[in-house]
1. Say we look at the range 63-76 and pick out the residues that are modelled with pLDDT of 90 or more and part of a strand (DSSP E or B); which of these is farthest from residue 126 (Cα to Cα)?
2. On the given criteria, is residue 374 under 18 Å from residue 330 (Cβ atoms) and either assigned by TED's automatic domain parsing to the domain that holds residue 283 or among the acidic types (Asp, Glu) (or both)?
3. Can you find a residue in the range 439-456 that is among the acidic types (Asp, Glu) and exposed (fewer than 10 other Cβ atoms within 10 Å of the Cβ)?
4. Within the range 245-282, how many residues turn out to be over 17 Å from residue 294 (Cβ atoms) and of a type outside the set (Asp, Glu)?
5. Starting from the range 97-120, take each residue that is in contact (Cβ under 8 Å) with a residue 12 or more places away in the chain and closer than 26 Å to residue 167 by Cβ and list its partners that are in a strand (DSSP E or B) and basic (Lys, Arg), counting only C-beta distances under 7 angstrom and pairs at least six apart or across chains.
6. Being in a loop (DSSP other than H, G, I, E, B) and acidic (Asp, Glu) is true for just one of 109, 90. Which residue is that?
7. Can you tell me which residues in the range 397-442 are aliphatic (A, V, I, L, M), in contact with a Leu (Cβ under 9 Å, 6 or more places away or on another chain) and farther than 30 Å from residue 268 by Cα?
8. Among the candidates 372, 411, which residue alone is surrounded by 14 or more Cβ atoms within 10 Å (Cβ to Cβ) and in contact with a strand residue (DSSP E or B) (Cβ under 6 Å, 6 or more places away or on another chain)?
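The values are calculated or read from the model by the stated rules, or taken from the named source; none is laboratory data. Everything numeric in this text was worked out from a predicted model, so none of it was measured. Here the Cβ positions follow ideal geometry from the backbone for every residue, glycine too, while neighbour counts run over all protein chains shown.
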Amino acid sequence: MNDFLMHYWWIGLILLSIIFYKFVLRVFFGMVIVPENRIGLVTKKFVLFGANKELPDGRIIATKGEAGFQAKTLAPGLYWFMWPWQYSVDMVPFVIIPEGKIGLVLSKDGSEIPTGRILARHTESDNFQDATKFLDNGGQRGRQTSFMTAGSYRINTHLFEVALTDQLVIHENMVGIITAMDGDPIPIGQIAGKFVDGHNNFQDVNKFLVNGGNRGLQPQVVLAGSYYINPWAIQIEETPMTDVPIGYVGVVISYIGEDGKDVTGDSFKHGNIVSKGQRGVWMEPLGPGKYAINKYTTKLEAVPTTNLVLNWANARSESHNLDKNLSTITVRSKDGFPFNLDVAQIIHVPANEAPKVIARFGSMTNLVSQVLEPTIGNYFRNSAQDSDVISFLSTRKERQESAKSHIRAVLDEYNVNAVDTLIGDIVPPDALMKTLTDRKIAEEEQKTYQTQKMAQEQRQGVEKETAIADMQKEIVKASQSVEIAQRTADATVKKAEGDATSLKLNVNAEAEATKMRANAEAEATKARAGAQAEATKLTASAEAERISKTGLAEAEKIMAIGKSTAEAYQLQVNAMGGDNFAKYKITEEIGKGHIKVMPEILIGGGNGTDGSINGLLGMKLMEMMDVNKTKSQDKQES
């Protein structure tokens, strides 16, 4: 430590010399050095002599050498005779306003702000860096209209307070709606101040006030951009620009301006339509686009110029939402049934008629609620009361055309074109629907039955034709059988005739009998053929007739055979004699029947040989007679 002091004692000597030097200069010569990045704020502690020893009442800053805070500041540099026992100097940094900021100034001293004002008017003071000039030129205490932009300033903070605030930015597609915090009162009858020029979008508030600007809402707006706006003087509300979409026009309703003369003439008595810039509904609507509209002073009512569909239906609404409060129409028919129907109305508002519609109703929503809703609802209610439900349903097309004509005539009076009226879904009551459904089902069933009946009749016809076709084969077969039988009968007859003729030629009796048999067989064959031709129906009759014919033929045959036999026997008797013929026939029969000539028991006669023979012949004849009698009885029974 001692070595350090021995080698560096001279440094301490220099420091002591400097300290002593500054102390001596400050005390004895009043030297003050203000650095280059500071300013000196001077406070005078007392005044020994002179007229301005004390500050005037209400003042806190001295401009004439009075004791107190001095208006004059010390810029960077060297100053003398600022003895420490009389002056104190505070070194303060510069006031720096960054980029994107502004400095709002509050003055602690100055003259009073006039009654009715809230901001101090601008006073020339080199951006508040010359406090003396500010106060001497009548600068007012309080919030100042002027402000400081980006930079560095030597500000006497004994007099001024500086507050930083952001630079105002209005974004794209936005507008700034202005409200002035100071100025003249708004004229009676107006809701916004008058137009004032020359204030550079309200960045020069002093110019705005000097030119007679009014406090309160301003008709002018500021567009997208960056602005130096004093928020103590001007309040800005950022709001989107007003958009008029394609297919619409914007009818302007101005709440400010002078009362204009109606430009529609005496024919339109539903409101004033005025020229542009006047108070009221402007005659010229705005086309599609974006507009910087002050929503508090001007209203833009969008009116669709394309066809607009409005639905009276619970389950359907268009994107424009003008029909969101419309619902399905409930009507009551002539026969007392309530039912619901959906209606769609298509309207069109011409662009040049849009201001009249808005002047009359105020908005498209009011047009729908005040005109369209009652007009269409009452029309269909009245129309339904003149008809029953069934007739209403069946005459839907005619009622739709009638409604279109009626509504078009009504809307023409309101400067609106009715394009079309459409009746949508009709919902009759459930009870009636069940009746109609049952009736329709019955009608369809009746049609089904008729169709089935026709099908059955056709099927019967087909079956009849089929049966006839099937029977035709039998008929043809029967006809062929009849023809065959006929031919067979004819052949049989011919054969019988031939046999009979042959027999008659041989033996007359045999020929006649053969002829009768042939006739009988022909008749029987003919009867069978007829029975086959008539099929099953005539079988019994043909069989009976055959039996009858056959019996008759047999009888005639027997009779003919007997007659011919008798005649033959008679001829033979006549030719041979009675006894000889008898003996001949007996002998013949014995030979045919192989009868024993000599019986086991011989019956004796009377006179010898003749008696025995006679007895034998008698017995044989008796047997033959018994056999013939038995055959005759069997044939009769059969």
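1. Of the range 63-76, the ones modelled with pLDDT of 90 or more are 69-76.
Those still in the list that are part of a strand (DSSP E or B) too: 69-74.
On the way: 69: 20, 70: 17, 71: 14, 72: 13, 73: 14, 74: 16 Å.
In this case the residue turns out to be 69.
2. Values: under 18 Å from residue 330 (Cβ atoms): yes; either assigned by TED's automatic domain parsing to the domain that holds residue 283 or among the acidic types (Asp, Glu) (or both): yes.
Against the criterion (under 18 Å from residue 330 (Cβ atoms) and either assigned by TED's automatic domain parsing to the domain that holds residue 283 or among the acidic types (Asp, Glu) (or both)), residue 374 qualifies.
3. Let us first name the residues in the range 439-456 that are among the acidic types (Asp, Glu), namely 443-445.
After this cut, where a residue has to be exposed (fewer than 10 other Cβ atoms within 10 Å of the Cβ) as well, the list is none.
For the range 439-456, residues among the acidic types (Asp, Glu) and exposed (fewer than 10 other Cβ atoms within 10 Å of the Cβ): absent.
4. Qualifying residue count, the range 245-282: 19.
5. These pairs meet every condition: 106/143; 119/143; 120/143.
6. On the way: 90 fails: in a loop (DSSP other than H, G, I, E, B).
The match here is 109.
7. 423, 426, 427, 436
8. Working: 372 fails: in contact with a strand residue (DSSP E or B) (Cβ under 6 Å, 6 or more places away or on another chain).
When all the criteria are applied, what remains is 411.
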